[in-house]
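See below for the structure under consideration.
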Amino acid sequence: MKYSAAPLLASLLLSPLLLPAAEPDGIRLSIDLATPGRPISPDLVGVFFEDLNYAADGGLYAELLQNRSFEYSATEQPGWGPHTGWELVQGGGGEGNLGLGDARPVHPHNPHYLILTVTEPGSGVGIANKGFDQLPVEAGKSYEASFWAYQAYMGIMWKEADQTKPMPVSLQLQAKDGTVLAEARVAVTGRAWTQHRATLTPTRSAPEARFVLMAHAQGGLALDMVSLFPRDTFKGRANGLRRDLAQTIADIRPKFMRFPGGCLVHGPGVHRYYNWKDTVGPVEQRRAQRNLWGYHQTFGLGYFEFFQFCEDIGAKPLPVVSAGVCCQHAGHSPGRGQEGLPLAEMSAYIQDILDLIEWANGPADSKWGAVRAAAGHPAPFGLKYLGVGNEDAITPAFRERFKMIFDVLKAKHPEIVIVGTSGPFASGEDYDNGWAFVRETGVPLVDEHYYVSPQWFWENLTRYDTYDRAGAKVYVGEYAAHDRDKTRSTLRSALAEAAGLTSFERNGDVVQFASYAPLLARRNHTQWHPDLIYFDATAVYPTINYEVQKLFGNNAGDTLLPARLEGVPAGVRVTGSVVRDSATGDVVVKVVNGEDRAFDATVVLAGAATPTCHLTATVLTGASPDVANADGQPPAAVPVVAESEAGATFLRAFPANSLTILRLRR
Ligand code: AHR
């Protein structure tokens with residue numbers, strides 16, 4: 001098909017080129033390869049990880065057992081308590097019961113533990129756990145079981161129990177029908193908390209297994225941190241991450257990762273913010289708490305694991321701390337329920353932030369660097385960016401506390417780039433006030449958020465063209481195109497985001513970072529739709545939007561080249577960008593066609609050093625803009641790659657509803 005009118009598409013007009021005019025009835029994409037181009041952020045595409053939708057526990061964190069430390073509580077979900085997820089097992093005539101202890105915990109941060117009482121051992125009395133919804137195990141793979149325990153009920157009250165003998169304990173993986181798939185035996189001796197470990201290797205696969213820990217003598221056990229991990233975690237890390245999910249994220253090739261929120265940073269009230277110090281050190285000493293999103297967070301995936309994951313995938317860590325205020329919607333108060341930490345507490349709070357920087361970057365013999373080193377990472381992590389605040393209402397309370405934090409960090413750590421906030425929306429009061437405050441204070445990088453319609457992206461492709469080039473840089477920290485009922489990750493929404501990404505690239509001198517949100521969502525535990533990557537206990541379900549992120553992450557550049565698209569009528573949803581990757585010398589052309597009609601374009605490479613180049617063309621499209629991936633079904637839109645040779649001028653078809661990436665190598 002040919003478009004008839006031929007005005008310029010402003011969104012792709014980077015700088016005028018002295019090239020022949022477009023053919024009267026065609027479209028021409030002219031790229032100037034001879035100019036040096038304009039430097040842009042080489043780190044544009046990253047990810048934002050927040051623990052909502054069971055993204056951490058029951059998600060990326062590879063722990064297979066639910067409520068391993070018996071800290072679930074009714075404050076998290078009605079009906080939840082310390083025994084949630086566990087059931088009493090009484091085998092072969094065995095009798096016993098489950099109690100709860102808090103008198104001598106394994107650590108004060110981890111106050112509750114289970115008391116297992118065995119009155120009649122039978123073939124074993126103990127506890128069983130079926131994981132998060134389901135506990136899948138695979139034949140021949142190893143699973144690392146561990147638990148902390150001591151012998152309860154020792155002393156004269158328990159004359160029947162043999163005080164001289166250890167308590168024999170068996171650990172099993174069982175199939176749904178009770179068949180034992182793997183077993184190990186250990187013994188618990190004495191009154192001191194001790195950790196026990198065993199490796200279980202099931203003889204056959206079972207999608208719905210259960211983990212069983214049984215005691216085999218009369219008496220009792222205090223039990224805590226009853227845990228089961230696959231040995232095969234991402235990069236084989238202990239206390240590691242689910243390999244398939246971590247790899248799916250890594251495949252985006254994100255240049256940075258923002259964490260842990262989002263709203264999670266604030267927590268549900270002014271003193272309930274996410275405290276990074278609760279999330280480091282031995283896992284049994286971490287202070288688990290209610291997750292803002294209405295479930296339990298163990299902090300097993302804590303700051304050490306976040307930083308390690310960043311390092312493993314080559315992403316710059318971008319932690320976010322609260323700005324000393326809670327969310328304006330905290331405590332179930334919609335609107336302006338924001339509260340500030342008492343000013344008398346601010347210096348201690350700021351010290352916590354300074355300690356975070358020391359933990360991340362300080363020498364291994366510094367106070368907090370030693371905590372990092374003890375966890376197995378003596379070398380500094382190289383923290384460079386730190387977010388302060390998330391979507392805050394820009395009130396006097398916020399300004400005062402943000403400024404206190406900012407001034408101290410600027411003075412003591414000028415090497416750290418502080419990321420401020422411009423409120424929850426792309427425009428409006430907080431956006432205006434946030435940007436005014438940024439200009440006033442000199443905050444170097446600002447986090448913008450927008451969850452908007454696909455059409456909004458198409459209508460705002462020039463948003464950053466007018467931003468002050470000498471002002472603060474932009475981090476589009478949370479964005480997504482919400483299509484229609486807001487639950488569908490359609491091709492239409494993915495292409496709108498792709499269009500937005502081309503506008504970020506074209507303004508890559510201003511837009512430094514961008515991350516889609518939210519990243520992960522477990523099926524049946526999803527509080528927020530749509531998300532980038534869905535999953536359940538056994539599988540990962542990337543969306544079409546994920547394919548867009550991956551294509552941009554894998555086709556990044558550091559220089560914007562002048563390009564001009566001629567022959568596309570105004571208002572038609574076609575846009576693009578052209579970048580060069582100086583590491584490879586490749587030129588990457590991205591064209592998004594958001595229309596229901598295909599078009600052909602003549603691509604003209606002006607100033608090419610050689611007459612031909614190798615062309616890798618990747619096209620993401622689907623049967624209609626409404627298509628979306630369905631779990632377990634073939635993807636509705638997959639990138640299709642074709643290799644060819646191309647001359648300095650070639651004809652290219654751009655399908656309806658498509659993202660096309662042309663990678664040119666000389
Ligand atoms: O991404 C989900 C939520 O959206 C984030 O927690 C918050 O920052 C935003 O409102």
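Give the angle, between 0 and 90 degrees and rounded to the nearest 10, that separates the Cα long axis of helix 429-441 from the longest principal axis of the Cα atoms of the chain.
For 429-441 against the chain, the angle is about 90 degrees.
Relative to the longest principal axis of the C-alpha atoms of the chain, give the angle of the C-alpha long axis of helix 303-313, reported between 0 and 90° and rounded to the nearest 10°.
Between helix and principal axis, roughly 50 degrees.
Give me D for the stretch 513-666 in µm² s⁻¹, whole number, from Stokes-Einstein with Rh from the Kirkwood sum over alpha-carbon pairs, 10 °C and 1.306 mPa s.
It comes out at roughly 93 µm²/s.
Contact order normalised by length for the stretch 86-230, with contacts defined as Cα pairs under 8 Å and 6 or more residues apart; what percent is it?
Result for the stretch 86-230 is 35 percent.
When a/c is below 1.5 the answer is rounded, else prolate if a/b is larger than b/c, else oblate, so apply that to the stretch 583-666 with a ≥ b ≥ c taken from the square roots of the Cα gyration tensor eigenvalues.
prolate
By per-residue mean of other Cβ atoms within 10 Å, what is the highest-first order of 486-499, 62-75, 199-212?
486-499, 62-75, 199-212
Explain nothing, just the number: relative contact order of the chain, from Cα pairs under 8 Å at least 6 residues apart, as a whole percent.
The normalised contact order for the chain reaches 18 percent.
Considering only DSSP beta bridges whose two residues both sit in the chain, what percent are antiparallel, to the nearest 5?
75 percent
Once the other residues with Cβ under 12 Å from the Cβ of Glu595 are scored (Lys, Arg +1; Asp, Glu -1), what is the net sum?
Residues near Glu595 contribute +2 overall.
Output the peptides 567-575, 363-371, 654-662 sorted from most to least packed, where packing is the average of other Cβ atoms within 10 Å over each peptide's residues.
654-662, 567-575, 363-371
Rounded to whole Å and sorted largest first, what semi-axes of the equivalent ellipsoid does the C-alpha gyration tensor of the chain yield via the square root of 5 times each eigenvalue?
Each semi-axis is the square root of five times an eigenvalue, giving 51, 29, 20 Å.
Per the Debye formula with a single identical scatterer at each Cα and no solvent contribution, what log10 I(q)/I(0) holds for the stretch 356-438 at q = 0.11 Å⁻¹?
After summing over all Cα pairs, the log10 values are -0.40.
My understanding is that a pair violates if its Cα-Cα distance is over 22 Å; which of Lys130/Lys165; Lys255/Lys277; Lys486/Lys590; Lys316/Lys410; Lys141/Lys316; Lys277/Lys316 do that in this structure?
Listed pairs above 22 Å: Lys130/Lys165; Lys255/Lys277; Lys486/Lys590; Lys141/Lys316.
Can you give me the distance in nm between label points at Lys141 and Thr203, each placed 7 Å from the Cα along the Cα-to-Cβ direction?
2.0 nm
Rounded, prolate or oblate for the stretch 259-324? Axes are the square roots of the Cα gyration tensor eigenvalues, ordered a ≥ b ≥ c, and the cut-off for rounded is a/c under 1.5.
Verdict is oblate for the stretch 259-324.
Would you please put 625-633, 599-607 in order of how densely packed they are, using the mean number of other Cβ atoms within 10 angstrom per residue and starting with the highest?
599-607, 625-633
Given the C-alpha centroids of the stretch 495-530 and the stretch 595-640, what is the distance between them in whole angstrom?
Here the two parts' Cα centres lie 20 Å apart.
Looking at the stretch 414-493 only, what percent of DSSP beta bridges run antiparallel? Nearest 5 please.
Once the DSSP bridges in the stretch 414-493 are tallied, antiparallel ones form about 10 percent.
Relative contact order of the stretch 411-497, please, whole-number percent, based on alpha carbon pairs below 8 angstrom and at least 6 residues apart.
After rounding, I find 28 percent.
Where a number appears in this text, it was derived from the coordinates with a stated rule and is not lab data. Keep in mind it's a predicted model, so treat the numbers as computed, not measured. No Cβ is skipped: glycine too gets one built from the backbone with ideal geometry, and neighbour counts run over all protein chains shown.
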